[in-house]
1. Please arrange 116, 144, 241 by how many other C-beta atoms lie within 10 Å of their C-beta, fewest to most.
2. Using Cα-Cα distances under 8 Å and only pairs 6 or more residues apart, what relative contact order does the stretch 72-245 have, in percent?
3. Between the stretch 168-187 and the stretch 67-143, what is the separation of their alpha carbon centroids in Å?
4. Give the separation of the Cα centroids, the stretch 146-160 to the stretch 212-232, in Å.
5. Consider all pairwise Cα distances in the stretch 181-246 and report the whole-number % of them above 15 Å.
6. Go from 0 up to the bin containing the longest alpha carbon distance in the stretch 72-245, width 5 Å each, and give me the % of pairs per bin.
7. Calculate the translational D of the stretch 72-138 in whole µm² s⁻¹ from Stokes-Einstein, where the hydrodynamic radius comes from the Kirkwood formula applied to all Cα pairs, the temperature is 20 °C and the viscosity 1.002 mPa s.
Ligand SMILES: [Fe+2]
Ligand SMILES: [Fe+2]
């Protein structure tokens with residue numbers, strides 16, 4: 001396991017706090033997430049015949065009876081996957097924008113690179129899930145790219161603290177968003193959902209690590225911190241809602 005992944009897998013204080021507040025832990029945080037760990041296509045397929053086939057039990061369905069996701073559950077999962085891919089896309093472009101401005105800074109540059117690398121991994125995983133399971137991706141991809149870059153570069157131009165305040169605000173919303181998803185996923189009693197839950201749980205922890213990093217690097221010393229933070233949080237919430245639908 002790489003040092004980066006080992007760091008990412010370490011549960012943060014913020015993660016533990018949020019988890020104890022909002023959901024019940026299902027697995028140890030040390031579970032590695034690969035890009036192919038995901039719910040199988042059968043779970044999202046509207047064809048009820050194939051939806052009853054669990055890939056994890058396909059070789060021996062006599063031991064574990066196949067479960068069927070309801071239409072509502074499938075719709076919920078598709079929405080989750082679409083919004084998560086869009087969110088990871090936006091996060092990538094935020095860090096791209098910040099790195100374009102502050103990448104050469106000896107203190108902040110490596111931090112941004114590290115967080116950006118993790119966002120690249122997150123996006124690769126959700127790109128795989130979206131294509132593998134034929135979920136309609138957001139139609140607003142160019143908008144999220146442009147908005148993400150503008151937000152990242154714009155806050156970085158305001159200074160290192162503002163860049164970190166941006167990360168603080170974004171990761172607060174995204175961490176909470178993933179936590180909300182975990183609570184929803186915990187309600188679905190299906191063996192395949194456990195894999196998606198691992199992904200969401202892992203990424204939630206990564207985002208909360210980013211939040212901690214931002215706080216440790218003077219995010220709250222940014223000029224007009226409250227104003228900036230609230231504006232970014234509202235923008236993120238709006239983006240989440242829109243990309244879950246469009
Ligand atoms: Fe992410
Ligand atoms: Fe993040």
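Read the figures in this text as sums done on the coordinates, not as results from a lab. Bear in mind that the values here come from a model prediction, so they are computed numbers and not experimental data. So basically every Cβ, Gly included, is an ideal-geometry build from the backbone, and we count neighbours across all protein chains shown.
1. Numbers: 116 20, 144 23, 241 11.
Placing the least packed residue first, the sequence is 241, 116, 144.
2. Working: 213 pairs, mean separation 51.3, N = 174.
After rounding, I find 30 percent.
3. 14
4. Cα centres, the stretch 146-160 to the stretch 212-232: 13 Å.
5. Details: 1487 of 2145 pairs.
More than 15 Å apart: 69 percent of the Cα pairs in the stretch 181-246.
6. The distribution over the stretch 72-245 is 1, 9, 18, 23, 20, 13, 8, 5, 2, 0, given as percents.
7. Numbers: Rh = 12.8 Å.
For the chosen part, D equals 167 µm²/s.
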